[in-house]
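These notes are about the structure you will find just below.
The values are calculated or read from the model by the stated rules, or taken from the named source; none is laboratory data. In this text, all values refer to a predicted model and were calculated from it rather than measured experimentally. So basically every Cβ, Gly included, is an ideal-geometry build from the backbone, and we count neighbours across all protein chains shown. Remember, those area values only see protein heavy atoms, side chains included, never the ligands or the DNA or RNA. Shrake-Rupley method; radii C 1.70, N 1.55, O 1.52, S 1.80 Å.
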Amino acid sequence: MSKELERLQKRIANSGYTSRRKAETLIVEGKVKVNGTVTDELGTKVKPSDVIEVEGIKLEQEDKLYILFYKPSQVITSVSDDKGRTVVTDYFKELDTRIYPVGRLDYDTSGLLLLTNDGEFTNLMTHPRYKIQKKYVAKLKGYLMREEVKALEKGIMLEDGLTQPAIVKVKNQDKEKNTTLVEITIAEGRNRQVRRMFEHFGHTISKLQRIEFGPLNLKGLNAGEGRVMTPHEVKTIRHMAENG
Ligand code: URA
């Protein structure tokens, strides 16, 4: 079941109105409305935004929570891991709301990751149609050539298609160590995309960090720390996604 969909009886029970069994009875008795319509089917699934009324009483909607997290490297972007490794939600165990990562960063990538209990917000941020720009800083093996930068700025052909134009800024080239420090901004979010873009030219990435997500950055946070986003930040980033 999609993460944001929930069985009606579970939603009623989670609201604290009554037990799940009593909720089932109320549903089949026709005492529950979803968005104003009586719904007496036990299998019904509801979205967080659906308005539920039980015996004429509206259930409280769960408060929406948006968190900006500085993900450390060696942490899985998931809510659980079958190998027992640390996952991003381990940092938010004290919350009484279940939150989920918005998109993902690789195990070895550190940096800015959003988490929320708002499934619609997640869709908006991760849908390919909405182009939120994400800035990464990467440390590469080898010397990044001018032609390679130009190609990345134009778009290169990867196995899953042509990349959209990227913004690339070489910050430092270390001739002795044969490494390049580079910032790259992309609006897409394909699997391991930044790594694959540089590997295309034979440069492996020894360190990758996401430093910006739209208008958001990591200011004031250390690795492993998070903060609640302000309503203004949520509004701004929503607007950016919707309007390009
Ligand atoms: N691109 C990658 O290759 N890895 C990430 O974690 C994010 C973007």
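Some observations on this one:
- Hits in the range 192-211 (condition: crowded, with 16+ Cβ neighbours inside 10 Å and over 18 Å from G111 (Cβ atoms)): H200, F201, H203
- Condition met for V46 (assigned by TED's automatic domain parsing to the domain that holds R11, within 20 Å of T122 (Cβ to Cβ) and crowded, with 19+ Cβ neighbours inside 10 Å): yes
- Look at (1) within 25 Å of V46 (Cα to Cα); (2) open to solvent by less than 20 Å² (accessible area, probe 1.4 Å); (3) in contact with a Pro (Cβ under 9 Å, 6 or more places away or on another chain); (4) β-branched (V, I, T) and you find that T122 fails only one, number (2).
- Any chance D63 is closer than 18 Å to F213 by Cβ, among the acidic types (D, E), touching a Ser or Thr at 6+ places or on another chain (Cβ under 9 Å) and touching a residue at least 12 places away in the same chain (Cβ under 8 Å): no
- Flag if T18 is without any contact (Cβ under 8 Å) to a residue 40 or more places away in the chain, open to solvent by less than 60 Å² (accessible area, probe 1.4 Å) and either in contact with a Pro (Cβ under 6 Å, 6 or more places away or on another chain) or outside any loop (DSSP other than H, G, I, E, B) (or both): no
- Hits in the range 125-144 (condition: assigned to a helix (DSSP H, G or I) and open to solvent by 40 Å² or more (accessible area, probe 1.4 Å)): T126
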